[in-house]
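Everything on this sheet refers to the single structure shown next.
The values are calculated or read from the model by the stated rules, or taken from the named source; none is laboratory data. This one's a predicted model, so the numbers in the text were calculated from it and none came from an experiment. All Cβ positions, glycine included, derive from the backbone under ideal geometry; neighbour counts span all protein chains shown.
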Amino acid sequence: MDLYPSTQEMVIRLILAALLGGLLGLEREWRKKPAGLRTHMMVSLGAATFTLIALDLYSFVAPGEGGRASVDPIRIVDAVATGIGFLGAGCIIQGRGSVQGLTTAGSLWLAGAIGLSAGGGLYLLAAAAIVIAVVILAVIGRLEARFQGH
């Protein structure tokens, strides 16, 4: 992972984050869920942008005293995960003894993680996460529907 990416590399990371987040959003859109293609793309792109901001800011303060950074750039992961958790909570609806929107909330949270991965230059991690997520949403979703339908 390149800690200090070029401008071209930053743009590539942002595009990748948006595209991978969009793959999650397509599945949600196809199932007519509240947060679809654009929402997932925006969440993933936002997370990647925050990651790139953190990496850029980190370059100004590292290394600090004793060769160590004087700030903790990992805080961006915590902030993004927490912020997206609140966004996901808005997708969850409870009524008449049932809860809906949990999978959409989870996919939004994952879109944030994919954005963080792409923004951080961890392309293989981002790609692996999206492949696993699509399998869970598509394949496991069908299996789950069969069990619920008896």
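Side notes on the structure shown:
- The set of residues in the stretch 101-150 that are modelled with pLDDT of 90 or more and acidic (Asp, Glu) is empty.
- Single residue of Leu87, Leu45, Leu55, Leu3 found to be closer than 26 Å to Ala127 by Cβ and at pLDDT 85 or above: Leu45
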